[in-house]
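Peer 1: Shown below is the structure under consideration.
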Amino acid sequence: DGRPRTSPRGGSASGKRFQKEPQHNAASHSTYNQEEGYVRIYLRGRPVTNYLPSDVEDYDINAKHPAPTEKLKLDWVYGYRGRDCRCNLYLLPTGEIVYFMAAVVILYNVEEQNQRHYMGHNDDVKSIAVHPDSVTIATGQVAGHDAAEGKPHVRIWSSITLETLHVIGLGFFDRAVCSLSFSKVNVGVNLAAVDESNEHVLSLWDWKKEKKICDTKSSQDPVLACEFHPMNDEQIITLGKGHIHFWNTAGGKLVKKSGIFEKYDKPKFMLSLAFTGNGDVITGDSNGNMYIWGKGNTRISQAVLGAHEGGIFSLCVMNDGQILSGGGKDKKVVLWTADYQQSETTQVPEATGPVRTLCKGKGENFYVGTTRNAILSGDMGGDFTTLVQAHTEELWGLALHPTQGMFLTCGYDKNVILWDFEQHTQRWNKFMEDGCQSAGFHPSGEVVAIGMTSGRWVALDVESGDLYTVHTDGKEQHDIIRYSPNGEYLAVASHDNYIYIYSVKETGRKYSKVGRCSGHSSFVTHIDWSADSTKLQSNSGDYELLFWDAETCKQIVGSKETRDIEWATFTGVLGYPVCGIWPEGSDGTDVNTTARSGNGNILATGDDFGKISLFRYPVNHPKADCNSFKGHSSHVTSVAFNEDSTKLISTGGRDMSCMQWSVV
């Protein structure tokens, strides 16, 4: 699929541990042994034996396992992709701001605190353009997992109905569509697109007919922006590393003239552009200079040198003709008069990061998308409100509060964030010393434990985020951290093949080590406690399912003792209740996470292809049917239900997003 596959638990591509073994199909080789009472499935040629509970009678391995009646509806997406995308924040006449995260385009009405979602894409959205009618929107995506539909393409859709109107470029674009622009004068009949192939091909489309008019190689270097001239449909401007090109489209061909810098410094990167009311082009570059290129000209007519310290990531012309410029390094937003005199400056907050893109709001207000994946609204007075803020690196840790409408996420960006389900806001955000891998709430709801990538783990006060205690076990990441249902034990499952057990006093404020469970020959991937808090089950990277006595840390061997244990949670990927979750041809790492609903009716899974699936629980027949839902674009690293099973939260690994779904 053209991208590195990630192994479970983060890490880099091809982290698959067993490269050379023959492929066995998980589903088709399954066998049922009635005498011994087990179902055996094969994952990458390894047998995984699942013992049936003793009360199961008349088991038929070939029975159909229908999908549940429940479906998922996306309620809210936490996050914005500002880290590596540009020109991706617009205000619509409906009062909604439109932007994207993972494979979802989000229309967020800030005043009404309401989100709508365009879900047509099946992988990362990288570019967006709004038609002059302010209703039609074009979005471009990267190469995806699906052989047929996963090719990079552009979808054109209505922001009112959210219906897809046209799909263009399937099989034409390479890698990803990184820049889009509608023509402005002829009521937007044409669409220009630049892809991320080596030549950064610029193509011109009649989008209603879904026909390509022409295309050409634009540059060997990265292209960062592409815009139609607002007064001349025969001119397109592209800019990027070391270049600005003025294209003429007359006669159905694309003819290039390069901008000439003459006496001015040629910057390493041309970063941003905007058009003034009289048709001049303004550009911002990596040296912090603003150049003005006279209408229809390829020479610099005026220069504002040192407009920013460091790069100018965005330019935006306001309704009164004044110009906003946004700085990367200096985090400043500067307002310029129409004749390029500096009028006011303000600075965006340190915590949310440098300016990535600016977008005009109502009146003198404007929106700022930042390189740390935040969206702010504010004005030149400098009062900024954070509308969107989430993680900026790979995301694995997720825990739901046992009784209140809150959940917690933590990631490799060292941020631990406590969220409010209903308000979709942050209660607090704490910056840790190490990257975070896992999280778990104490049953009292007063304390939350966080497992780090460094071998440390901490316990925090839920109300304030204050630190109670720090412990170190081993030197590797702690993949799962989970309290027992009675709150008297904590299990810390680590990448060093051990599970560390602590006894817990004072509702999670005091810890003393009981011991460690030793027996896995690979890293521990999932753990669950028994309902009576005396036993544990664990999965590992080599598809072992082991059972433990919490008090002694000794392994429980023998199927008779383990087959009838009642589990307080079920989050593992191995065992009789989940032996049907593996798709055809699965290799044992495709499914990263599972969660049983509180009422025990359904099981949710998250896989390497960005899908969340709902199964009828227990999923005890191979090749079980399910309902699948897309939205994430990277491996889904964690799924979890709230206490009454009406909501599901999912985290998306490298897409850095967190999504909230309703179970309907």
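Peer 1: Checking the condition in a strand (DSSP E or B), hydroxyl-bearing (Ser, Thr, Tyr), under 16 Å from THR589 (Cα atoms) and out of contact with any Pro (no Cβ under 9 Å at 6 or more places or on another chain), which residue from SER538, SER522, SER512 passes?
Peer 2: Numbers: SER522 fails: in a strand (DSSP E or B); SER512 fails: under 16 Å from THR589 (Cα atoms).
The unique qualifying residue is SER538.
Peer 1: Of a type in the set (Asp, Glu), out of contact with any Pro (no Cβ under 6 Å at 6 or more places or on another chain) and touching a residue at least 60 places away in the same chain (Cβ under 8 Å), is that true of GLU446? Lay out the reasoning, then the answer.
Peer 2: Working: of a type in the set (Asp, Glu): yes; out of contact with any Pro (no Cβ under 6 Å at 6 or more places or on another chain): yes; touching a residue at least 60 places away in the same chain (Cβ under 8 Å): yes.
So GLU446 passes the test.
Peer 1: When the range 232-251 is examined, which residues are found to be among the aliphatic types (A, V, I, L, M) and either surrounded by 16 or more Cβ atoms within 10 Å (Cβ to Cβ) or modelled with pLDDT of 95 or more (or both)?
Peer 2: ILE236, ILE237, LEU239, ILE244
Peer 1: Is it fair to say VAL448 is more than 26 Å from GLN115 (Cβ to Cβ), assigned to a strand (DSSP E or B), touching a Lys or Arg at 6+ places or on another chain (Cβ under 7 Å) and β-branched (Val, Ile, Thr)?
Peer 2: Working: more than 26 Å from GLN115 (Cβ to Cβ): yes; assigned to a strand (DSSP E or B): yes; touching a Lys or Arg at 6+ places or on another chain (Cβ under 7 Å): no; β-branched (Val, Ile, Thr): yes.
No, not satisfied.
Peer 1: While we're looking at this one, here's another question. Taking CYS626 and the conditions (1) crowded, with 22+ Cβ neighbours inside 10 Å; (2) under 29 Å from THR425 (Cβ atoms), which numbered condition does it fall short on, given that it satisfies the others?
Peer 2: Result: CYS626 fails condition (2) only.
Peer 1: Kindly provide the set of residues from the range 277-306 that are more than 19 Å from LYS332 (Cβ to Cβ), charged (D, E, K, R) and not in a loop (DSSP other than H, G, I, E, B), ordered by number.
Peer 2: ARG299
Peer 1: State which residue pairs qualify: first residue among the polar types (S, T, N, Q) and inside the range 53-75, second residue assigned to a loop (DSSP other than H, G, I, E, B) in any location, beta carbons under 6 Å apart, and separation of 6 or more residues or different chains.
Peer 2: SER54/ASP564
Peer 1: From the list VAL187, VAL223, VAL194, which residue is farther than 26 Å from ILE292 by Cβ and of a type in the set (A, V, I, L, M)?
Peer 2: On the way: VAL223 fails: farther than 26 Å from ILE292 by Cβ; VAL194 fails: farther than 26 Å from ILE292 by Cβ.
None of the others qualify; the one that does is VAL187.
Peer 1: Only residues that are within 24 Å of the chain's Cα centre (by Cα), surrounded by 18 or more Cβ atoms within 10 Å (Cβ to Cβ) and farther than 17 Å from HIS200 by Cβ: list them for the range 154-184, please.
Peer 2: Matches in the range 154-184: ARG155, ILE156, TRP157, SER159.
Peer 1: Just give me the residues in the range 293-309 being surrounded by fewer than 18 Cβ atoms within 10 Å (Cβ to Cβ) and either modelled with pLDDT under 95 or farther than 18 Å from GLU344 by Cα (or both), in sequence order. Talk me through it step by step, then tell me what you get.
Peer 2: Filtering the range 293-309 for residues surrounded by fewer than 18 Cβ atoms within 10 Å (Cβ to Cβ) gives 294-299, 301-303, 305-306, 309.
Listed by number, the residues that qualify are GLY294, LYS295, GLY296, ASN297, THR298, ARG299, SER301, GLN302, ALA303.
Peer 1: Still on this structure, please answer the following. Can you report the number of residues in the range 145-154 which are in a loop (DSSP other than H, G, I, E, B) and closer than 27 Å to GLY188 by Cβ? Walk me through how you get there before you give the answer.
Peer 2: Going through the range 145-154, the residues in a loop (DSSP other than H, G, I, E, B) turn out to be 145-153.
Those still in the list that are closer than 27 Å to GLY188 by Cβ too: 149, 151-153.
Total meeting the criteria: 4.
Peer 1: Does VAL492 satisfy the criteria of being in a strand (DSSP E or B), surrounded by fewer than 23 Cβ atoms within 10 Å (Cβ to Cβ) and modelled with pLDDT of 95 or more?
Peer 2: Here the answer is no, as VAL492 does not meet what is asked.
Peer 1: Are any residues in the range 635-656 surrounded by 20 or more Cβ atoms within 10 Å (Cβ to Cβ) and part of a loop (DSSP other than H, G, I, E, B), and if so, which ones?
Peer 2: Across the range 635-656, the qualifying residues are HIS635, VAL636, THR637, ASN642, GLY652, ARG654, ASP655, MET656.
Peer 1: Let me ask another. Hey, does the range 191-210 have a residue that's in a loop (DSSP other than H, G, I, E, B) and among the β-branched types (Val, Ile, Thr)?
Peer 2: Within the range 191-210, the first condition is being in a loop (DSSP other than H, G, I, E, B), and the residues that meet it are 196-200, 207-210.
With the extra rule that they be among the β-branched types (Val, Ile, Thr), the set shrinks to none.
Within the range 191-210, none of the residues are in a loop (DSSP other than H, G, I, E, B) and among the β-branched types (Val, Ile, Thr).
Peer 1: Given the condition assigned by TED's automatic domain parsing to the domain that holds TRP582, in a loop (DSSP other than H, G, I, E, B) and among the aliphatic types (A, V, I, L, M), answer yes or no: does some residue in the range 64-82 qualify?
Peer 2: yes
Peer 1: Here is a further query. Taking ASP434, is it surrounded by 18 or more Cβ atoms within 10 Å (Cβ to Cβ), at pLDDT 95 or above and not in a strand (DSSP E or B)?
Peer 2: Working: surrounded by 18 or more Cβ atoms within 10 Å (Cβ to Cβ): no; at pLDDT 95 or above: yes; not in a strand (DSSP E or B): yes.
No: the conditions fail for ASP434.
Peer 1: OK, next. Just to be sure, is ILE501 over 22 Å from ASP608 (Cβ atoms), in contact (Cβ under 8 Å) with a residue 24 or more places away in the chain and not in a loop (DSSP other than H, G, I, E, B)?
Peer 2: Considered against the rule, which asks whether it is over 22 Å from ASP608 (Cβ atoms), in contact (Cβ under 8 Å) with a residue 24 or more places away in the chain and not in a loop (DSSP other than H, G, I, E, B), ILE501 comes out as yes.
Peer 1: Can I ask one more? What's the number of the only condition in (1) farther than 25 Å from THR386 by Cβ; (2) under 27 Å from the mean Cα position of the chain (by Cα) that ASP473 fails to meet?
Peer 2: All conditions pass for ASP473, except number (2).
Peer 1: Given the structure, is ALA225 outside the structural domain of PRO132 (by TED's automatic domain parsing) and either touching a residue at least 40 places away in the same chain (Cβ under 8 Å) or in contact with a helix residue (DSSP H, G or I) (Cβ under 6 Å, 6 or more places away or on another chain) (or both)? If you could, list the steps in order and put the result at the bottom.
Peer 2: Details: outside the structural domain of PRO132 (by TED's automatic domain parsing): no; either touching a residue at least 40 places away in the same chain (Cβ under 8 Å) or in contact with a helix residue (DSSP H, G or I) (Cβ under 6 Å, 6 or more places away or on another chain) (or both): yes.
Taking the combined requirement at face value, the residue does not satisfy it.
Peer 1: I want to confirm something. Restricting to the range 220-276 and keeping residues that are part of a loop (DSSP other than H, G, I, E, B) and among the basic types (Lys, Arg), which single residue is nearest to SER181 (Cα to Cα)?
Peer 2: Out of the qualifying residues, it is LYS253.
Peer 1: Which condition does SER586 not pass, out of (1) more than 22 Å from LYS73 (Cβ to Cβ); (2) surrounded by fewer than 23 Cβ atoms within 10 Å (Cβ to Cβ); (3) touching a Leu at 6+ places or on another chain (Cβ under 9 Å); (4) at pLDDT 95 or above, if it passes all the others?
Peer 2: (4)
Peer 1: List every residue pair whose Cβ atoms sit under 7 Å apart, with the two residues 6 or more apart in sequence or on different chains, where the first one lies in the range 584-604 and is assigned by TED's automatic domain parsing to the domain that holds ASN539 and of a type in the set (S, T, N, Q) and the second, anywhere, is in a loop (DSSP other than H, G, I, E, B) and at pLDDT below 90.
Peer 2: Partner pairs satisfying both residue conditions: SER586/ALA26; THR589/SER7; THR589/PRO8; THR589/LYS16; ASN592/PRO8.
The values are calculated or read from the model by the stated rules, or taken from the named source; none is laboratory data. Please read these numbers as outputs of a predicted model, since none were measured by experiment. A quick note on method: Cβ atoms are made from the backbone with ideal geometry, for glycine too, and the neighbour counts reach across all protein chains shown.
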